[in-house]
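Reading through the structure tokens given below for one structure.
The values are calculated or read from the model by the stated rules, or taken from the named source; none is laboratory data. Note that the structure is predicted; figures quoted are calculated from it, not measured. Note that we place each Cβ from the backbone using ideal geometry, even for glycine, and neighbour counts take in every protein chain shown.
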Amino acid sequence: MKRRSILKKAKRVRILDLVREMGESSRGEIAREFSLDKKAVSLAVDGLLEEGILAVSGYRTSRAGRRRELLSINGRHGISIGIDLGATHVIGVLSDLAGVVLERAFFEVRPGLPMEIILEQMKTIAARLLSSGRAASRVRAVGVCVPGFIKPGEGISLIAENIAGWRDVRIRELFETEFREPVYVDDSSRAFAAAERWLGHGRGQKDFIALDLGYGIGLGIFSAGAPLMGADWRSGEIGHTVVNPDGMPCACGNRGCLETVASGKAIARQAAEGIRAGKSPLLRDLTHGDADAVTAQDVAMAATMADAFSIEVIRAAGVAVGLALANAANILAPSLVVLGGGLVSAGSTLTDTIKEAFHRNCMPGIREQARIAVSALGADASARGIALQALEIVFAGA
Ligand SMILES: [Zn+2]
């Protein structure tokens with residue numbers, strides 16, 4: 001691609017980002033954000049209006065009495081599919097360009113399920129959303145997010161530590177062959193951070209980190225208003241920062257990673273041991289005596305019911321997460337830390353402990369500026385984020 005068209009594409013992406021983030025913007029506000037290049041910005045806005053990607057949604061009268069048009073994203077202009085694969089779920093959403101969810105589909109993944117079956121389920125969910133009445137023929141892109149390392153240029157998922165046998169999966173190729181739409185692949189935690197940036201607490205924040213705390217643990221990072229990818233898009237592996245060098249072996253091959261203490265997988269493992277050792281009659285009852293069936297959600301629930309063993313496990317997880325986040329914040333100096341993922345919705349014991357440990361360990365001068373917020377986007381956050389990422393790239397392309 002020629003340099004000029006790359007710059008043009010980057011400008012369109014930034015304008016779309018800004019308008020989505022603000023909800024509504026005037027041309028003046030957009031131009032202020034791009035103060036060096038007002039004329040080119042105005043031309044790009046005209047182009048986006050002509051194509052129907054932006055729309056005039058109202059007018060505002062300035063103090064000087066001038067009437068200014070307000071621009072917003074035209075959600076109906078295009079829709080996309082977002083598929084989020086986690087260790088315990090496949091979540092699919094049909095999203096419009098403004099981020100409104102039109103349809104949703106869910107499939108539960110049991111640990112150990114063969115890769116082929118998981119892929120089939122991902123495709124089935126995408127096909128179901130594509131054929132739904134709400135989709136009509138307006139689907140323009142498919143976004144797929146997976147945990148772990150990916151090969152960005154080719155849309156290959158290299159490895160997902162928490163999904164047995166998941167190696168070198170050619171997601172873009174498989175989905176483009178099947179659905180004949182542009183396919184965009186990224187890591188789930190980065191997709192979660194993108195959702196927060198456009199739809200959640202991250203609106204208007206240029207430097208923030210978003211913790212995705214579920215069966216595994218990842219971190220999405222925005223720095224100076226842009227996602228921080230790292231070399232080969234491998235940034236954000238907070239789950240594999242070491243919190244105890246003599247700790248348990250981790251799926252990555254090292255010892256004592258945060259994921260060995262605080263992930264959904266680690267919490268469930270500790271709970272199973274606790275049930276077998278007779279430390280929690282409540283957890284034993286909740287799982288009908290089947291220690292191997294216990295989940296981190298059960299432990300979180302037992303903690304809200306004042307089960308001492310579960311509170312201890314959840315607090316230990318929270319202390320480790322808060323410590324790792326404080327270390328990350330000391331390096332990145334975010335103005336906001338968003339806590340998200342399946343575990344944070346499971347009661348305040350965990351989030352309160354994370355906040356305490358974060359404040360205790362973060363450097364003075366950095367901790368005061370880093371506000372902590374719990375995500376309000378729920379389980380669909382990563383799917384919504386990847387759907388918008390995919391659509392944005394298609395619409396920015398012209
Ligand atoms: Zn590890």
Taking ARG104 and the conditions (1) more than 16 Å from the ligand (Cβ to nearest atom); (2) under 30 Å from GLY230 (Cα atoms); (3) surrounded by 15 or more Cβ atoms within 10 Å (Cβ to Cβ), which numbered condition does it fall short on, given that it satisfies the others? (2)
Restricting attention to the range 201-240, report how many residues are away from the ligand (no atom under 16 Å from the Cβ), among the small types (Gly, Ala, Ser) and touching a Leu at 6+ places or on another chain (Cβ under 9 Å). 4
So which residues in the range 335-348 are aliphatic (A, V, I, L, M) and outside any loop (DSSP other than H, G, I, E, B)? LEU336, VAL337, VAL338, LEU339
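Just one of ALA291, ALA324 is out of contact with any Pro (no Cβ under 6 Å at 6 or more places or on another chain), in the same structural domain as ARG360 (by TED's automatic domain parsing) and closer than 30 Å to GLN369 by Cβ; which is it?
ALA324
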Within the range 74-86, work out how many residues are at pLDDT below 90 and touching a Lys or Arg at 6+ places or on another chain (Cβ under 7 Å). 1
Go through the residues of the range 73-84 one by one and say whether even a single one is more than 30 Å from GLY342 (Cβ to Cβ) and in a loop (DSSP other than H, G, I, E, B). yes
Breaking point among (1) away from the ligand (no atom under 16 Å from the Cβ); (2) without any contact (Cβ under 8 Å) to a residue 40 or more places away in the chain; (3) not basic (Lys, Arg), for PRO182: (2)
Unmet requirement for THR124, which otherwise passes all of (1) more than 19 Å from the chain's Cα centre (by Cα); (2) closer than 29 Å to ILE238 by Cβ: (2)
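Among the residues of the range 323-353 satisfying the criterion of being of a type outside the set (A, V, I, L, M) and surrounded by 23 or more Cβ atoms within 10 Å (Cβ to Cβ), which is nearest to SER280 (Cα to Cα)?
So, considering only residues that are of a type outside the set (A, V, I, L, M) and surrounded by 23 or more Cβ atoms within 10 Å (Cβ to Cβ), the one nearest to SER280 (Cα to Cα) is GLY341.
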Considering only residues that are among the hydroxyl-bearing types (Ser, Thr, Tyr) and at pLDDT 85 or above, look in the range 1-55 and name the one that is nearest to GLY202 (Cα to Cα). SER25
Check every one of the helices (runs of 4 or more DSSP H) wholly within the range 241-334 and list those with 2 or more residues that are away from the ligand (no atom under 14 Å from the Cβ) and not aliphatic (A, V, I, L, M). 264-276, 281-286, 296-304, 308-332
If a residue must be at pLDDT 95 or above and over 19 Å from LEU350 (Cβ atoms), how many such residues does the range 251-267 contain? 3
For ILE217, are the conditions met, namely being buried (at least 24 other Cβ atoms within 10 Å of the Cβ), out of contact with any strand residue (DSSP E or B) (no Cβ under 6 Å at 6 or more places or on another chain) and not assigned by TED's automatic domain parsing to the domain that holds VAL344? no
Return yes when ILE366 is surrounded by fewer than 17 Cβ atoms within 10 Å (Cβ to Cβ) and either outside any helix (DSSP H, G or I) or of a type in the set (Phe, Trp, Tyr) (or both) and no when it is not. yes
Among (1) of a type in the set (Asp, Glu); (2) assigned to a strand (DSSP E or B); (3) crowded, with 21+ Cβ neighbours inside 10 Å, the one test that ASP168 misses: (3)
Taking the range 171-204 and keeping only residues that are surrounded by fewer than 16 Cβ atoms within 10 Å (Cβ to Cβ), charged (D, E, K, R) and not in a helix (DSSP H, G or I), one is left with ARG180, ARG203
Can you find, within the range 38-68, the residue that is surrounded by the fewest Cβ atoms within 10 Å (Cβ to Cβ) among those that are in contact with a Phe, Trp or Tyr (Cβ under 9 Å, 6 or more places away or on another chain) and of a type outside the set (A, V, I, L, M)? ARG67
Within the bounds of the range 95-114, is there any residue that is on the phi < 0 side of the Ramachandran plot and in a helix (DSSP H, G or I)? no
Is it fair to say GLU29 is under 21 Å from PHE395 (Cα atoms) and not aliphatic (A, V, I, L, M)? no
Those residues that are in contact with an Asp or Glu (Cβ under 7 Å, 6 or more places away or on another chain) and either in a loop (DSSP other than H, G, I, E, B) or within 15 Å of the ligand (Cβ to nearest atom) (or both), I need them from the range 136-154; list them, please. PRO147, GLY148
